[in-house]
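Novice: Okay, here's the structure, questions in a sec.
Please treat every number below as a calculation from the coordinates, not as lab data. This one's a predicted model, so the numbers in the text were calculated from it and none came from an experiment. No Cβ is skipped: glycine too gets one built from the backbone with ideal geometry, and neighbour counts run over all protein chains shown.
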Amino acid sequence: MSGKKKSRAERRREARSELPSEAPSSSSARWIVPVVTTVLVLAVIVGVIVSRNRSTHAGVSDELASTQPGQSKPTGDTPAKPKKVTPTIYGYKVIKSYPHNPRHYCQGLVYHEGLLYEGTGHYGESLLGRFDLDTGEPVNLIDLDALYFGEGIAIWEDKIIQLTWKENVAFVYDKKTFKKIGSFKYSGEGWGLTHDGTHLILSDGTPTLRFLDPKSYKVVRRLTVKDRGRSLRNLNELEYINGEIYANIYQTDQIVRISPKDGQVVGWIDLTGLLPAAQRRAHQSEVLNGIAYDVEKKRLLVTGKYWPKLYHIELAERKR
Ligand SMILES: [Ca+2]
């Protein structure tokens, strides 16, 4: 048998049995290779995803960097929710009272360079005038056509602007002569008007204030007013005072102080009892409406519809 020539199959079997002891690990190598390959492929995929995410975030950062403070981003990103503010409550102290014509249904009030400007409402009763504060006597006075119900007023440079209630038109007058020099249209109702030095601010009874360009009268911004997260309706006569918007709340004796940044109410001014009940009855006076501010003497002036008095008041913070 020794001389018998070994078949190819026998030789292959022998060769296999003579394989060195590391032969089993060679079979491990057969599964390690695909595992390592899979891991490498996964690593590449993960790398690609991370790098894409990084470039996306970089794009957003660039966008944010190019957005000016106060501008809304056109990306549709949801801005961070403003933190809810607990408004400060104020009472008041009367410093002095002045005469106010009880036939004036006050809809707009401004104090400017030593004179009081007032716009009044009701069809057939509406007027625009400026008055001596101490005596209440008119210095200039014009009547509106009976087709128009006058509303809020504001002084912008050398012009006086007066809204109308439902007529969708505002009238523009020369401040010096009271001559009507123009008008512009707007949608919805007109209630209160003021300005912040950059834009006219208009209320219309809804919780949304409109900011208008004072040259084109186009709406450039809308601000929804919220009190502790809830929209606040019936914002009426307005006055911009020291970086806040003050607004009468129609049919109440309350004024709110609003942050123009986010529309949150930061203060409530309770003017209950300001006009004594007897005077209110005697003149059939209606609700508080009319806020003006004397910038030079820092006087806050308020009155109401058909009120016989106008008051210089100071605010007194109330403890909750
Ligand atoms: Ca005002």
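Novice: Name the long-range amide H neighbours of GLN107: under 5 Å, sequence gap of 5 or more, or other chain; modelled H, no Pro or chain starts.
Specialist: For GLN107, the qualifying residues are GLY119, THR120, GLY121.
Novice: Can you work out ³J(HN,Hα) from phi for every residue in the range 313-320, in order, using Karplus 6.51 cos²θ - 1.76 cosθ + 1.60 and θ = phi - 60°, giving whole Hz and x for Gly and Pro?
Specialist: The phi angles translate into 10, 10, 8, 10, 5, 9, 7, 6 Hz.
Novice: Using 0.36 nm per residue of separation minus the Cα-Cα distance, give me the extension gain between SER183 and ASN234 in nm, one decimal.
Specialist: Numbers: separation 51, 0.36 × 51 = 18.36 nm, distance 2.50 nm.
Contour length minus the Cα-Cα distance gives 15.9 nm.
Novice: Oh, and also: Karplus couplings for the range 279-292 from phi (6.51 cos²θ - 1.76 cosθ + 1.60, θ = phi - 60°), rounded to Hz, Gly and Pro as x?
Specialist: 5, 4, 5, 4, 10, 6, 5, 9, 6, 3, 6, x, 10, 9
Novice: Let me ask something additional. Looking at this model, which pairs from LYS218/LYS309; LYS84/LYS166; LYS83/LYS215; LYS83/LYS185; LYS84/LYS305; LYS179/LYS215 are more than 29 angstrom apart at the alpha-carbon? Intermediate values should be presented prior to the final figure.
Specialist: Working: LYS218/LYS309 36 Å; LYS84/LYS166 34 Å; LYS83/LYS215 34 Å; LYS83/LYS185 36 Å; LYS84/LYS305 33 Å; LYS179/LYS215 18 Å.
Table pairs above 29 Å Cα-Cα are LYS218/LYS309; LYS84/LYS166; LYS83/LYS215; LYS83/LYS185; LYS84/LYS305.
Novice: Where does the Debye-calculated log10 I(q)/I(0) of the range 98-318 sit at q = 0.08 Å⁻¹, using only Cα point scatterers of equal weight, no solvent?
Specialist: Taken in order of the listed q values, log10 I(q)/I(0) reads -0.24.
Novice: For the charge dipole of the range 98-318, defined by +1 on Lys and Arg C-beta atoms and -1 on Asp and Glu C-beta atoms about the Cα centroid, which residue among GLY188, GLN251, LEU271 has the Cα displaced farthest towards the positive pole?
Specialist: Farthest along the dipole direction, towards plus: GLY188.
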